[in-house]
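Data block below; observations after.
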Amino acid sequence: MVDATLPDGSRLNAAIPPATSSYLGTSVSIRKFILGAYSLDELTARGSLSESAAQFLDAAVQGGCNIVVSGPTGSGKTTMLNCLGACIASLDERVVTCEEVAELALERHLPDCVSLHARGGNLEGAGEIRIRDLVKNALRMRPTRIVVGEVRGAESLDMLMAMNTGHEGSLTTVHGNSPRDALERLTTLAMFADEKLGHEALTRMVSRTIDLVVQLRFEPRTRRRRVESIFEVTGQDTGTITGNELWAIDPATDRLTWTGIRPAALKRMAAKDIPYEPPLGEVRGA
């Protein structure tokens, strides 16, 4: 088996017997990545996000909220991550991105952005650069924020520690079918690290570090990708991470609508003089 990146950035995976059946022979898969949008306004125009939710996420990014984008494969997590990163408005921000494959395009929006890319080892296993190595190196580059394309393993712990040590407003993505699934997955992935922290300690770290989870979904019938929920973490209770759903799909209108719960992130926005108020005229079920 081989996993590689083509010159245009597409991902290539190939397998030959005995990894595949002798009847099938060689199997080649090429995954082409296309950024469908570069800003939250473009997502709103495509119907993937409501205008009020876009305004809130823009203010949340500028206010320094740590945000996790969650969703299944192909739901548009990287596109959403790129759009959130484009909301970083300050010229004083130094952003470092860590990715397996170069998919983000933040350097075209941000005046001070460094992109780091992982790589696999050679046939002898030498020369590998892991995402965890990139995150650790990013901390030495004096960033104000760190953006990790996707956490899949022990780098989850490094990402959480970076968010918890002065790098407010960092962003990442993770596979998850719901916001709570995403938070639990972050906790589980962090347990893979060599530090071997316990589940209780990691749950406490996640609850104190992550501010928002943006949940995406992919609708196979219509091929539509959209934001399903915006979840705010408020803490933990008896080992369970607690939080509130700030925006959710209204069954009556099939639109992403504010639930009426005032975000705790308003205090963070006010502290940084970010002008924002919830859409008082838009409440689900009203």
Per-residue Cβ neighbour rank within 10 angstrom, fewest leading, 245, 103
245, 103
Amide H of residue 234 versus every other amide H placed in the peptide plane: which residues, excluding those fewer than 5 positions away on the same chain, fall under 5 Å?
242, 243, 244
Name the long-range amide H neighbours of residue 114: under 5 Å, sequence gap of 5 or more, or other chain; modelled H, no Pro or chain starts.
95, 96, 97
Label of the coordinate-derived value, Cα Rg over 2.2 N^0.38 Å, listed as (i) 1.03; (ii) 1.41; (iii) 1.54:
(i)
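Loop sites only, by DSSP: take the trypsin sites (Lys or Arg not before Pro) in the chain that have at most 10 other C-beta atoms within 10 Å and name the longest stretch containing none of them.
That would be 33-195.
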Straight-distance crosslink candidates among aspartates and glutamates, where the alpha carbon sits under 20 Å from residue 32 and sequence neighbours closer than 8 are dropped:
3, 8, 99, 100, 103, 150, 219
Grab the DSSP H runs of the chain that are 4 residues or longer, score each as -39,500 (n - 2.57), total them, divide by all residues and round the 222 nm result to the nearest 500 deg cm²/dmol.
-7500 deg cm²/dmol
Distance from the Cα centre of the range 121-185 to that of the range 50-118, in angstrom?
14
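Read-outs throughout are calculated quantities, based only on the coordinates presented, and are distinct from any laboratory measurement. Everything numeric here is computed off the predicted structure, so don't read it as measured data. Virtual Cβ from ideal backbone geometry, glycine too; neighbours counted across all protein chains shown.
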